[in-house]
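Please read the structure below before turning to the comments.
The values are calculated or read from the model by the stated rules, or taken from the named source; none is laboratory data. This is a predicted model, so every value here is computed, not measured. In this analysis, Cβ positions are derived from the backbone assuming ideal geometry, glycine residues included, and neighbour counts consider all displayed protein chains.
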Amino acid sequence: MKAKKIQAIQRRILRILNTWKDPHTDVVLAESPQIQGIEVAEDGSVQLAITPQRPHCPCCLFDLRDLREKISSTKGVASVNILISGVPAAERWTRVLNPE
């Protein structure tokens with residue numbers, strides 16, 4: 001995939017993060033410290049590293065699942081993998097959010 005297409009995917013993801021609000025605050029994800037990193041590979045796969053604000057809250061888990069689905073439906077995105085860090089049982093959150 002060309003660099004321009006990767007940049008276009010990055011812009012589309014940033015637009016989503018600029019409108020996506022955490023379920024417990026009115027702050028959009030792009031402005032919150034929750035997003036640790038975003039990586040778009042040449043094959044269109046997206047890796048998103050996130051630290052959830054409330055690690056024991058089921059609605060945060062459902063919200064991240066919905067975010068993953070939204071990013072997955074974005075033009076040019078082949079797959080999405082969300083990596084959870086900074087919370088207890090982060091590997092469990094990651095496994096649940098990435099069913100493939």
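Structural remarks
- Checklist (1) on the phi > 0 side of the Ramachandran plot; (2) in contact with a His (Cβ under 7 Å, 6 or more places away or on another chain) applied to Arg54, failing item: (1)
- Taken together, the residues in region 63-89 that are free of Cβ contacts under 8 Å to residues at least 12 places away in the same chain and either within 12 Å of the chain's Cα centre (by Cα) or not in a loop (DSSP other than H, G, I, E, B) (or both) amount to 3.
- All told, Thr51 meets the bar of being over 20 Å from Lys4 (Cα atoms) and either within 12 Å of the chain's Cα centre (by Cα) or charged (D, E, K, R) (or both).
- Single residue of region 90-100 satisfying the filter (outside any helix (DSSP H, G or I) and exposed (fewer than 14 other Cβ atoms within 10 Å of the Cβ)) that is modelled with the highest pLDDT: Pro99
- Applying the criterion of being at pLDDT 90 or above and charged (D, E, K, R) to the residues of region 44-77, the residue that is farthest from His24 (Cα to Cα) is Lys75.
- Filter result for Leu48 (touching a Ser or Thr at 6+ places or on another chain (Cβ under 6 Å) and assigned to a strand (DSSP E or B)): no
- A single member of Val80, Val87, Val28 is surrounded by 12 or more Cβ atoms within 10 Å (Cβ to Cβ) and modelled with pLDDT of 95 or more, and it is Val80.
- Enumeration of residues in region 8-29 that are closer than 20 Å to Val87 by Cβ and either among the polar types (S, T, N, Q) or in a helix (DSSP H, G or I) (or both): Leu17, Thr25, Leu29
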